[in-house]
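Here's the structure we're looking at; comments come further down.
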Amino acid sequence: MKTEGGSPLNFNPEPHAASDRRRLRGGAPIQIGLLGCGTVGGGVLRLLAENSGYLAERAGVPLVVKRVAVRDLEKERVSALDRGLLTTNAEEVVDDPTIDLVVEVMGGETPARALIERAIDRGKGVVTANKLLLAAHGPALLARAAARQVDLAFEGAVGGGIPIIRTLRDAFASDWVERVTAIVNGTCNYILTRMRDTGASFEAALREAQDLGYAEKPDPSLDVDGHDAAHKLIVLAMLAFGAQVDSNDVHTSGIRTIEEADHRYADRFGYTIKHLAIGRDLGDSIELRVHPTLIPKQSVLANVSGVLNAVLLEGRAVGPSLVYGRGAGDLPTAVSVVSDVLDVARSIASGVAGMQGRGMSIKPRRVRPLSDIVSRYYLRFAVEDRPGVMGRLAGALGDAGVSIEQIVQQGPSKASPGSAPAGAAAAREPGVDVVLITHDAREGLVRSALDAIAREQFLREPPHLFRIEEP
């Protein structure tokens, strides 16, 4: 193609030496180095072994695992692993000049970041499923890969086996994503589903999730306190909104405070409780928050149950689009990782490495403070059963400028041990629950009203607040 002036129009910058070398490789296999061989790494090895012929046809060349770095050489691994490939020195993998592509599934920030940077600097393609690392350093790693003209792919970092990264990067490339509403943590979704369906307490549902392997037994806090979902939301925001943000700016809360009564009242008002990751592009800023949320029972996300994940995208032109499926486990996540391996291998084999990040623009964007968001709210108060209490609750909200849409009183309620406000009587008769649904209100005003209510002696335990969304 030529310009109007007749000079050549060059779309392809001069390739890096490593890419140029690979263009001449002919049908030589793509050599793969694997960092980590736990649950996901084992699934990757299984898929590469079981689908080797099919993958070679799709890539145009064979895909061969050359080295596998692990911490413990004696640990039992999947049968698809040739134990002769094992090493405890991860640098051997990234420094091996015969390895073309590095797959990082070890997790964590250290030493994964240094190893990925080292692989990129040596001209190797990289595939990772490390959402924590991407949330903290994604833009810098993508810029580094672009500068070296190599690919950095990360479909497995969000949503397990559902293709949400490709959807945002490719299918929505011509549209403007205005909103992301997602269930991206299978542990939380399973626990909330069991609490809703069986009336189980949070503690009982968590134990069940741990027994089934859906939650970590030593410490499930990364999942149930919302941090895993927050990391994934930051990664989604990079592609959906071109946003580079600090994790400290993302409001994050988990599901520990949800009680059986909250599920019961949510159902009475026509809602179900889901743990959501929510992002909105507001033009001058973005909204990013992770928290339990009441959503209408007829909404598509309300019916995403158990360990399933779903991401609902709202495009300015295309409107709503749902990506739904298994969000965790060895094979679902491995499917995404191996799909990335296939894409990067094709690029290496054809000498066009570095195209995945081409045209991706990521820059710092302001995250709107939680106090400025506008939502409807579910508020539950466990109070003493005496005249005037409901009026004082409504009055405190009214004084703060918060309008009430619905209000119900039901008893008896039972305060949690040790939850009574300071100065309250040690022993009280069972009280009642007062549950309110507000009209749209700014969160700062709602919090101001709750601060005033917290000083009331009739309050038997801290109020329960959940936001209401209509995805």
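The values are calculated or read from the model by the stated rules, or taken from the named source; none is laboratory data. Worth saying up front: this structure is predicted, and the values here are computed from it rather than measured. Note: ideal-geometry Cβ built from the backbone for every residue, glycine included; neighbour counts use all protein chains shown. All accessible areas refer to the heavy atoms of the entire protein, side chains included, with ligands and DNA or RNA removed. Shrake-Rupley method; radii C 1.70, N 1.55, O 1.52, S 1.80 Å.
At-a-glance table
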read-out	value
Members of the stretch 137-190 that are charged (D, E, K, R), crowded, with 24+ Cβ neighbours inside 10 Å and either in a loop (DSSP other than H, G, I, E, B) or within 11 Å of the chain's Cα centre (by Cα) (or both)	ASP151
Of the criteria (1) free of Cβ contacts under 8 Å to residues at least 24 places away in the same chain; (2) over 30 Å from GLY411 (Cα atoms), which one ASN303 fails	(2)
Residue in the stretch 410-431 that is closer than 24 Å to ASP267 by Cα and modelled with pLDDT of 90 or more present	no
Criterion: under 21 Å from GLY43 (Cα atoms) and surrounded by 17 or more Cβ atoms within 10 Å (Cβ to Cβ) - qualifying residue of GLY327, GLY315	GLY327
Options ARG289, ARG316: the member that is in contact with a Leu (Cβ under 8 Å, 6 or more places away or on another chain) and basic (Lys, Arg)	ARG289
Top-ranked residue in the stretch 335-345 [being within 15 Å of TYR54 (Cβ to Cβ) and aliphatic (A, V, I, L, M); ranked as surrounded by the most Cβ atoms within 10 Å (Cβ to Cβ)]	ALA345
Count - residues of the stretch 28-58 that are modelled with pLDDT under 95 and closer than 18 Å to LYS124 by Cα	1
Hits in the stretch 127-148 - residues which are in contact (Cβ under 8 Å) with a residue 60 or more places away in the chain and β-branched (Val, Ile, Thr)	VAL127
Failed item in (1) outside any helix (DSSP H, G or I); (2) within 18 Å of the chain's Cα centre (by Cα); (3) more than 21 Å from VAL304 (Cα to Cα), with GLY254 passing the rest	(3)
Single unsatisfied condition, PRO332 versus (1) modelled with pLDDT under 95; (2) open to solvent by 20 Å² or more (accessible area, probe 1.4 Å)	(2)
Filter pass, ASP228 being surrounded by 15 or more Cβ atoms within 10 Å (Cβ to Cβ), without any contact (Cβ under 8 Å) to a residue 60 or more places away in the chain, in contact with a Cys (Cβ under 9 Å, 6 or more places away or on another chain) and closer than 20 Å to LYS131 by Cβ	no
Residue in the stretch 350-357 that is touching a His at 6+ places or on another chain (Cβ under 7 Å), touching a residue at least 24 places away in the same chain (Cβ under 8 Å), within 27 Å of ALA136 (Cβ to Cβ) and aliphatic (A, V, I, L, M) present	no
Some residue of the stretch 94-113 being open to solvent by 10 Å² or more (accessible area, probe 1.4 Å) and part of a helix (DSSP H, G or I)	yes
Residue within the stretch 255-275 that is under 26 Å from THR333 (Cβ atoms), among the aliphatic types (A, V, I, L, M) and in contact with a Cys (Cβ under 9 Å, 6 or more places away or on another chain) present	yes
Hits in the stretch 296-327 - residues which are under 17 Å from the mean Cα position of the chain (by Cα) and either closer than 30 Å to PRO62 by Cβ or hydroxyl-bearing (Ser, Thr, Tyr) (or both)	SER305, TYR324, GLY325, ARG326
Residue count for the stretch 198-228, restricted to those that are more than 19 Å from the chain's Cα centre (by Cα), assigned to a loop (DSSP other than H, G, I, E, B) and over 15 Å from THR39 (Cβ atoms)	4
Subset of the stretch 191-205 (residues that are open to solvent by 10 Å² or more (accessible area, probe 1.4 Å) and among the aliphatic types (A, V, I, L, M))	ALA200, ALA204
Hey, GLY84 modelled with pLDDT of 95 or more and at positive phi or not	no
